[in-house]
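The values are calculated or read from the model by the stated rules, or taken from the named source; none is laboratory data. Every value quoted in this text rests on a predicted model; they were computed, and no experiment measured them. Cβ: placed from backbone, ideal geometry, glycine included. Neighbour counts: every protein chain shown. Only protein heavy atoms, including side chains, enter the accessible area calculation; ligands, DNA and RNA are left aside. Shrake-Rupley method; radii C 1.70, N 1.55, O 1.52, S 1.80 Å.
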Amino acid sequence: MHVVIIGNGIAGITAARELRKRSDCRITVISKETDYFFSRTALMYMYMGHLKFEHTQPYENWFWQKNKIELVRGMIESVDFAQRKLFLSADSQTVVYQPTLLERLTKVASKPATSASQVRDLSYDKLIIATGSVPRFGDWPNTHLDGVQGLYSFQDLEKLERSSAGVKQAVVVGGGLIGVELAEMLHSRGIHVTMLVRESSYWSSVLAPEESALVTQHVQKHGINLRFGCELAKIQGTQKVERVITSQGETIDCQLIGISIGVEPNIDFLRTTSLETQRGILVNEYLETNLPNVYAVGDCVEHRIPPQGRKSVEQIWYTGRIMGETVAQTIGGQRTPYRPGVFFNSAKFFDLEYQTYGDVPAQCPDGIQTFYWQHPSKEIAIRINYRQDTQAVTGFNALGTRLRHATCDAWIRQQRSLDYVLEHFQEADFNPEFFEKLRLSH
Amino acid sequence: MAFLSRLGLYLLLAGFGLWLYTLTLNEFTLTPTLISSQLKPEHQATLGVRLQPLVQKTFQSGWEFTYAFDTILNNLNNEYRTAQQWDKVIYDEYSFAITKAAASGSLKQQPWLWFGLTFGLIVVGALLFILPALTQLAGNKNNGIFHDASTNRGWIAKIIGAFLILFYITLYYYPQYLANWTMLVDPISKALNGAEASRWFLYGFIYTVCVLVMGVRMAIKYRHNRYQQVRTASVVFFQTAVAFLLPEILVSLNKPYFDFKNIWPLDYDFFFDYNLNSLLQSGNLGIFMLVWGIALFVVGVPILTYFFGKRWYCSWVCGCGGLAETLGDPYRQLSDKSLAAWKIERYLVHAVLGAAVVMTVMVLYTYFSGSSSVLFIDSYSVRSLYGFWIGGIFAGVVGTGLYPMMGNRVWCRFGCPLAAYLGMWQRKKSRFRITTNGGQCISCGNCSTYCEMGIDVRAYAQRGQDIVRSSCVGCGICSAVCPRGVLNLENASENSRVMVAPEVLLGNK
């Protein structure tokens, strides 16, 4: 059996690795982005000089050959689903790693048997599509100008490295997670950043007002100019971007615009095929598409029936990972539904860490009550949502403090009462030793 | 604030330049009185006579004087060796003491002035360079580390590394050429133990100043992290009070020089005859020191490591660890995380432990039996081989000299026999682990990058497995740099350590 995986991001690579644990089948992973898997969550740290590219690679370069996972660097030009065949661009090549002397001496890796060769087409028995996302761009004119870009891929980072050189002012459009990352990145290079945020406070579509206010203050304290209730109206410039005009009519000079109004599934090359798509590739709970032997995982997926408490398109690092783990079980012979469990996520806004478990929407729904605690002097806040009738907790938000995933997850699944949770709150404390112990009470 | 920082850097460089310049100060004259007071009676007629051409000749440079002296001594010894008069060969380390005693001039007369112009300027400059960080918002500040020539193996790192290596080689093997530097700290040495500074006093002083100043930097850098602050305070305390001051005070009270926190086999000469004799001849205190030293590795290591992991020593108490965690902190990201490095590490560090044990057994055999030959091997030459290659070259020259190129724990990771011994307990019998936080890991790699021991922390974190590794020194930086709150150093029931990664992380239940 030959399993071909399109995309070497977290979803595709997890599928390849987990499948290798279960099966001896031939596995090929194709990527147009990089030779080897890297964590795109670390793009910002590369730019800020915390890490180099090699540090963002969770597996060393010899890993793939050793685990008989074939890598191809190239682009899919077309797919013949009937013949189960992929056609690749002319520059597509196998990726072959030459181990270093030290790796050979320590028997970590051996010399490869083959050298890199061209690949024009590939036949598959099972196909896993894991093509991820592309940044959304909106329909403003002039987005083609130099200095207008999003941040998703390795190529985007290379572009940013070039286009931010010598820049004094930048505008970031969109007040989400990538927006604040972009702001922090540019700020670290001494660039003055203005963020245009459509909502009236930061990320208020996701965060409740108190958390949103706390994050807003924190971001402002770091010197980011936040414009709320403000959208991008026009981009001006001749070859390179020179200024933007906002929906409020204000003109802001800038030499760089970061567009971060969200991402969408990267499936353009599949739109005209027999594969059923809407926003993303439509899959059932087994991550099977409408075509036999074709699966989809990760950001590019749209669930026909989303798992409970989750969106149909959910672009989160770990959901890509869990989908990869799940599809590997299915292809490995044990058909397994995708059940990502209780929702969780995390982020970091400059120095302020954020974790969430369960369901904590921006507006408290009917029948749900909320407990909110904020530290009197530090940037620390905790929110616990719970059902009015049973008092069972339904979700946690933590800002500036760390909560234990397994404990919060268990409390939500076991429907523990708010009083129980407050009384046992120390069990969920995941802060380092000597940190202040938070005492929560009504 | 940027101005203050820049000023600090200039002061630091000026102080450093003046420090190098002090090596050229003083003039050096050998007098008949010096010869009769410094040389042993049996060497007066031999070396004493040979030195006559130098007498009353004034050298403007200490290096020229030392070179002239060494040449005479070496020629004499070579003559004895050629004539196979082995008993006459002079092994005494006269060179350093005579160079120092022959000096006169500005540095000798005004050591405090020069102390202020060198160490004083360096410390003030360094603090000025460091303190303005207080005006920044607290938080992980690793911006630009891999863009900077000093922290990314650039030209600055290469210069610093070359200087450190040169410094160690000179200090260990040619201390006579650093005689002037010891005069800078003579007043402090005299105040503490009543005698002029030896090279080891100079080294201890510089070492402690580095730990203190860079400890301040660490405390500021991690002022949002109590664990780092407490831990830094601990290493600074142990280096300053227990490793540096206390032994000097003991000497001034006519007691044996003893570092209460140094543990065999890192303290490889603990069982050497001269140390045992010195302790045994020092009454109850000496006996206590002997028992304490043995109890530390027989009882202290297993018990404390069981409760806290090896961090209780390596990143809270140890002097090598103290330097690594303060002076070495800017270089922690340079450790090699590859599997190849891990393989080399495991062989090497355990081989050094084996060598330390074998060497010590031989030394003790000689001590009790009086026979220096163990299975036809001379225990004295084994002991000096160990001292030269492992105690000197590996721990010092390589261990610290390569900070700017290979990270701050080269010795601790690849060479320290005590770390290997502590690691065995940590791996097999300890409540310590680094807990990973469910499915929150985003595989960004900050933890692995900033692990000074080169542990691929992420490999565990991204699959929800606790980190139980012999080499982990528990510095806690992985937890500090994690942007998603995934890592936490914990002590809890041994059986709660997650040794096998879950099949699917918090999904598909």
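Once you charge only the Cβ atoms, +1 for Lys and Arg and -1 for Asp and Glu, what is the size of the charge dipole of the protein assembly as shown about its Cα centre, to the nearest 20 debye?
820 debye
Give the residue from B:Tyr380, B:Pro41, B:Phe16 lying farthest towards the positive end of the charge dipole for chain B; charges sit on Cβ (+1 for Lys and Arg, -1 for Asp and Glu) and the dipole is referred to the Cα centre.
The Cα lying farthest towards the positive end belongs to B:Phe16.
If R0 is 60 Å, what FRET efficiency do you get for A:Gln118 and A:Tyr420 from their C-beta distance, rounded to 0.05?
0.45
Can you find, among A:Tyr386, A:Gln369, A:Val421, the residue farthest towards the positive end of the dipole of region A:344-428? Put +1 on the C-beta of Lys and Arg, -1 on that of Asp and Glu.
A:Val421
Show which lysines lie in cross-link reach of A:Lys221 when reach means a straight Cα distance below 25 angstrom and same-chain residues fewer than eight apart are skipped.
By straight Cα distance, A:Lys221 reaches A:Lys168, A:Lys348, A:Lys378, B:Lys141, B:Lys221.
I'd like the accessible area for B:Trp292, computed on protein heavy atoms only with a 1.4 Å probe and all protein chains in place. Round to 10 Å², please.
So the heavy atoms of B:Trp292 present about 100 Å² to solvent.
Which whole-number percent is the relative contact order of region A:137-261 (Cα, under 8 Å, 6+ apart)?
With pairs under 8 Å counted, the relative contact order is 35 percent.
Translational diffusion coefficient, Stokes-Einstein: compute it for region A:137-261 using the Kirkwood radius over C-alpha pairs as Rh, at 4 °C and 1.567 mPa s, and state it as an integer in µm² s⁻¹.
This corresponds to a translational diffusion coefficient of 90 µm²/s.
Which distance in nm do the two modelled labels at B:Tyr91 and B:Met1 give, with both placed 7 Å along the Cα-to-Cβ direction?
If labels sit at B:Tyr91 and B:Met1, their model points lie 5.8 nm apart.
At a Cα cut-off below 27 Å, give the lysines reachable from B:Lys40, other chains included and same-chain residues fewer than 8 away excluded.
Once the sequence-local lysines are set aside, what remains near B:Lys40 is B:Lys57, B:Lys88, B:Lys100, B:Lys108, B:Lys190, B:Lys255.
As I understand it, the value is the acute angle between the Cα axis of helix B:283-295 and the longest principal axis of the Cα atoms of chain B; what does it come to in degrees, rounded to 10?
40 degrees
How about region B:401-445: which of its residues lose at least 30 Å² of accessible area in the presence of all protein chains relative to their chain isolated, using a 1.4 Å probe?
B:Asn437, B:Gly439, B:Gln440, B:Ile442, B:Ser443, B:Cys444
Tabulate in residue order the Karplus-calculated ³J(HN,Hα) for region B:9-16, using 6.51 cos²θ - 1.76 cosθ + 1.60 with θ = phi - 60°, rounded to whole Hz; enter x for Gly and Pro.
For region B:9-16, the Karplus curve yields 4, 5, 4, 4, 5, 4, x, 5 Hz.
Using only alpha carbons, build the gyration tensor for region A:1-124 and give me the equivalent ellipsoid semi-axes, biggest first, whole Å.
25, 19, 14
Please report, to one decimal in angstroms, the Kirkwood hydrodynamic radius of region B:429-496 built from all distinct Cα-Cα pairs.
Kirkwood radius, region B:429-496: 11.7 Å.
Under 18 Å from the Cα of A:Lys126, which lysines turn up, not counting those fewer than eight places away in the same chain?
Straight-line reach from A:Lys126, under 18 Å: A:Lys21, A:Lys68, A:Lys85.
For the protein assembly as shown, give the share of DSSP beta bridges that are antiparallel, in percent and rounded to the nearest 5; count only bridges with both residues there.
60 percent
Give the accessible area for A:Ser260 in Å² (nearest 10); use a 1.4 Å probe, count only protein heavy atoms, and leave out ligands, DNA and RNA.
10 Å²
State, as an integer percentage, the relative contact order of chain B based on alpha-carbon contacts under 8 Å between residues 6 or more apart.
14 percent
Give me the number: length gained by fully extending B:Val357 to B:Leu166, i.e. 0.36 nm times residue separation minus the C-alpha to C-alpha distance, one decimal in nm.
65.8 nm
Restricting things to Cα coordinates, could you compute the convex hull volume per residue of the protein assembly as shown in Å³?
Cα convex hull per residue, to the nearest whole number: 207 Å³.
Please provide three numbers in whole Å: the alpha-carbon extents of region A:136-175 along the principal axes, with the largest listed first.
26, 23, 22
Report ³J(HN,Hα) in whole Hz for each residue of region B:110-117, in order, from the Karplus equation J = 6.51 cos²θ - 1.76 cosθ + 1.60 where θ = phi - 60°; Gly and Pro get x.
For region B:110-117, the Karplus curve yields 10, x, 5, 4, 5, 4, x, 6 Hz.
Hey, got the dipole for region B:429-496? About the Cα centre, +1 on K and R Cβ, -1 on D and E Cβ, debye to the nearest 20?
With Lys and Arg at +1 and Asp and Glu at -1, about 80 debye.
In whole Å, what are the Cα extents of chain B along the three principal axes, biggest one first?
90, 63, 42
Using a 1.4 angstrom probe on protein heavy atoms only, which residues from region A:391-435 are buried by at least 20 Å² of accessible area when all chains are present rather than their own chain alone?
A:Arg402, A:Arg404, A:His405, A:Asp409, A:Arg413, A:Phe430, A:Pro432, A:Glu433, A:Phe434, A:Phe435
At 20 °C and a viscosity of 1.002 mPa s, what translational diffusion coefficient does Stokes-Einstein give for region A:111-192, taking Rh as the Kirkwood radius over Cα pairs? Give it in µm²/s as a whole number.
133 µm²/s
Need the C-alpha centroid separation for region A:352-409 versus region B:26-66, integer Å.
80 Å
Starting from the amide H of A:Val72, placed 1.01 Å from N in the peptide plane, find each other amide H under 5 Å away whose residue is 5 or more places distant or on another chain.
The list, which skips near neighbours in sequence, is A:Val29, A:Ile30, A:Ser31, A:Val95.
What net charge do the residues around A:Tyr36 carry, taking every other residue with its C-beta under 14 Å from that of A:Tyr36, with Lys and Arg at +1 and Asp and Glu at -1?
Neighbourhood net charge equals +1.
Using a simple charge model, +1 on the beta-carbon of Lys and Arg, -1 on the beta-carbon of Asp and Glu, nothing else, what dipole does region B:27-104 show about its Cα centre, in debye to the nearest 20?
Charge dipole, region B:27-104, about its Cα centre: 100 debye, nearest 20.
Using the Kirkwood formula on the Cα atoms of chain A, what hydrodynamic radius do you get, in angstrom to one decimal?
It is 23.8 Å.
Assuming 0.36 nm per residue, please report the length gained on full extension of the stretch A:Ala233 to A:Glu161 beyond their Cα-Cα distance.
23.3 nm
On C-alpha positions alone, give me the angle between the axis of helix B:62-82 and the longest principal axis of chain B, in degrees, nearest 10.
With rounding to tens, the tilt is 80 degrees.
Quick one: Cα centre-to-centre distance for region A:147-187 and region A:53-95, in angstrom?
28 Å
Show the residues, 5+ positions off or on another chain, whose built amide H is closer than 5 Å to the amide H of A:Thr277.
For A:Thr277, whose amide H was placed from the backbone, the distant partners under 5 Å are A:Leu282.
Which whole-number percentage describes the relative contact order of region B:56-187, with Cα contacts under 8 Å and a sequence gap of 6 or more?
38 percent
Region B:447-482 to region B:296-356: how many Å between their Cα centroids?
14 Å
Suppose accessible area is computed on protein heavy atoms with a 1.4 Å probe; arrange B:Leu25, B:Leu12 from highest to lowest.
Descending accessible area places them as B:Leu12, B:Leu25.
Take region A:344-428, drop everything but the C-alpha atoms, weight them equally and run the Debye formula without solvent; then report log10 I(q)/I(0) at 0.18, 0.19, 0.21, 0.26 Å⁻¹ to two decimals.
The Debye formula, applied to the Cα set alone, gives -0.72, -0.81, -0.98, -1.41.
Given 10 °C and 1.306 mPa s, how large is the Stokes-Einstein diffusion coefficient of region A:212-365 in µm²/s, with Rh as the Kirkwood radius over Cα pairs?
D, rounded to a whole number, is 84 µm²/s.
Taking every DSSP beta bridge that has both residues in chain B, what percent is antiparallel when rounded to the nearest 5?
Looking only at bridges with both residues in chain B, the antiparallel portion is about 90 percent.
Can you pull the accessible area of B:Lys108 for me, 1.4 Å probe, Å² to the nearest 10?
My reading of the accessible area for B:Lys108 is about 70 Å².
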